[in-house]
1. crowded, with 24+ Cβ neighbours inside 10 Å, within 21 Å of ILE338 (Cα to Cα) and either under 19 Å from the mean Cα position of the chain (by Cα) or among the charged types (D, E, K, R) (or both) - does that describe any residue in region 97-118?
2. Do we find a residue being within 24 Å of the chain's Cα centre (by Cα) and among the β-branched types (Val, Ile, Thr) anywhere in region 49-68?
3. Considering ASP275, ASP263, which residue is part of a loop (DSSP other than H, G, I, E, B) and not polar (S, T, N, Q)?
4. For region 139-197, which positions are in contact (Cβ under 8 Å) with a residue 40 or more places away in the chain and among the hydroxyl-bearing types (Ser, Thr, Tyr)?
5. Of all residues in region 145-178 being closer than 19 Å to GLN251 by Cα and touching a Ser or Thr at 6+ places or on another chain (Cβ under 8 Å), which is surrounded by the fewest Cβ atoms within 10 Å (Cβ to Cβ)?
6. Which of the residues belonging to region 326-344 are more than 20 Å from the chain's Cα centre (by Cα) and aromatic (Phe, Trp, Tyr)?
7. Before we move on, is PHE348 more than 20 Å from VAL298 (Cβ to Cβ), open to solvent by less than 60 Å² (accessible area, probe 1.4 Å) and either within 22 Å of the chain's Cα centre (by Cα) or of a type in the set (Phe, Trp, Tyr) (or both)?
8. Give me the residue from region 258-273 that is farther than 24 Å from GLY171 by Cα and among the aromatic types (Phe, Trp, Tyr) and, out of that set, surrounded by the fewest Cβ atoms within 10 Å (Cβ to Cβ).
Amino acid sequence: MKKTISGLMAATMACTFAVCAAPNVQAEEVSFTIYNSKNEIQEQLEAACEAYGEKNGVNIEAYYSNDTVSAHLATRYAANDPYTLMMVDEKDVYSLGAELGADLSDEKWTADTNYAISVDGQIKGFPVCIEARGLLYNANAIEAITGKEFVPEDYATLDAFTALLDELVAGGMEYPIAVQKEDWSLGAHYFQQVYEQREDPDAFVKTLYDGSADLMNDERFNAVMDTFDVLMKYNYAGDAAAAAEREVSQQKLAEGEIAFLFDGCWAWGDVNDFDYTDKLGEMPLPENTEDGYNLKLVGGGSKFFMIDASEYTTDEQRQAAKDFLNWLVYDEEGKKFISEDCDMISPFANNDCSVVNPFGQSVKNYADEGLMVSNYSHDPDDHLSIVGAAMQKYLAGAIDRQGLADEVQAYWASATPAEE
């Protein structure tokens with residue numbers, strides 16, 4: 001990552017915010033920029049930065065870009081104009097933090113979270129929120145047909161889940177599922193579980209790199225793909241799956257026309273635009289396995305703030321950025337900004353604000369019960385697009401499972417490890 005700041009930095013986002021510290025810290029107004037890589041909260045961030053800035057005598061600018069994080073940040077560093085505060089992904093903290101991230105080890109908030117990221121013994125990543133992927137569900141729609149309370153744990157196996165889908169179809173819900181076509185959903189969220197749902201993801205990934213992996217004889221790969229086949233079978237988009245629009249799928253779920261959609265808790269920001277029912281939630285992917293992963297959501301800390309440590313940022317700006325982060329953790333308005341304005345799940349134990357997001361409430365419940373599988377975030381930068389494209393071909397029926405396995409294995413065997 002060191003050797004390609006532009007590569008990793010441009011991979012996931014492009015955003016900026018200008019924030020300054022409280023007046024009792026600086027005599028003069030300080031300005032700094034924030035890079036936001038979470039497009040669904042851009043408006044809220046801009047409003048929060050403006051309100052915080054006016055109240056504390058600081059100047060705040062917020063920017064967002066749909067470029068990849070590493071590439072976008074690389075252009076800023078090349079221009080000697082980095083963001084003061086950068087919202088990046090986990091792998092970016094590991095790849096960039098040692099050289100570019102300020103040491104946050106002495107900050108008070110480090111004692112209130114289990115999700116901060118350390119690099120070379122120093123805390124470099126401030127966790128923004130907890131997120132998780134899984135099957136979003138509409139319990140109202142399910143219960144209207146089954147006549148009984150929907151308990152996700154009752155459908156943890158693929159067999160039980162399939163029986164429920166058949167019951168829904170028999171009850172008048174012709175197609176109970178939506179499958180998203182986007183490469184990020186298929187490659188970075190769904191297929192990613194093949195790596196994550198095992199005791200040692202790194203060890204498995206090494207077998208992919210060295211070419212010794214045999215996906216067609218791998219229990220996890222087949223379990224995940226068996227479930228995907230069922231999702232495809234009951235997908236409302238049918239033969240036109242590759243053309244399904246995300247907004248249409250979300251509306252169908254919100255209004256109860258379908259019962260399930262594989263996505264993440266962040267989807268609430270879009271789902272709540274529709275006439276949604278009141279019993280929505282998120283559950284793990286059903287699988288016919290006995291290792292317990294079908295009872296856990298995949299997730300954890302998602303998005304991290306890093307403060308620039310380069311000569312292009314002043315100590316006053318760095319302090320202003322630290323003050324802003326403390327505001328997010330300890331000020332009531334800051335806590336509400338995370339939990340209520342942005343509908344996110346705070347990674348800080350002291351945040352007692354209620355979770356407005358119903359998918360997020362499910363995620364919080366799983367997290368509180370220790371039923372969370374950690375994200376694997378050390379894929380090469382092009383993994384999303386290449387493996388996502390292979391999954392898109394599978395979704396469209398252009399290749400079979402053997403073809404998918406061959407393409408994924410060929411990709412990894414020729415890929416450059418992310419840490420290099």
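1. No, region 97-118 contains no residue that is crowded, with 24+ Cβ neighbours inside 10 Å, within 21 Å of ILE338 (Cα to Cα) and either under 19 Å from the mean Cα position of the chain (by Cα) or among the charged types (D, E, K, R) (or both).
2. Checked against the condition, which is being within 24 Å of the chain's Cα centre (by Cα) and among the β-branched types (Val, Ile, Thr), region 49-68 yields at least one hit.
3. Only one candidate qualifies: ASP275.
4. Taking region 139-197 and keeping what is in contact (Cβ under 8 Å) with a residue 40 or more places away in the chain, we get 139-144, 150, 152-153, 155-162, 165, 168-169, 173-193, 195-197.
Result: TYR155, THR157, THR162, TYR175, SER185, TYR190, TYR195.
5. The residue in question is LEU168.
6. TRP327, TYR330, listed by residue number.
7. On the way: more than 20 Å from VAL298 (Cβ to Cβ): yes; open to solvent by less than 60 Å² (accessible area, probe 1.4 Å): yes; either within 22 Å of the chain's Cα centre (by Cα) or of a type in the set (Phe, Trp, Tyr) (or both): yes.
Criteria met by PHE348.
8. Applying the first criterion (farther than 24 Å from GLY171 by Cα) to region 258-273 yields 263-273.
Now drop any that are not among the aromatic types (Phe, Trp, Tyr), which leaves 266, 268.
Details: TRP266: 23, TRP268: 26.
Among residues in region 258-273 that are farther than 24 Å from GLY171 by Cα and among the aromatic types (Phe, Trp, Tyr), the one surrounded by the fewest Cβ atoms within 10 Å (Cβ to Cβ) is TRP266.
The values are calculated or read from the model by the stated rules, or taken from the named source; none is laboratory data. Everything numeric here is computed off the predicted structure, so don't read it as measured data. No Cβ is skipped: glycine too gets one built from the backbone with ideal geometry, and neighbour counts run over all protein chains shown. Calculation scope for accessible area: heavy atoms of the full protein, side chains included, ligands and nucleic acids excluded. Shrake-Rupley method; radii C 1.70, N 1.55, O 1.52, S 1.80 Å.
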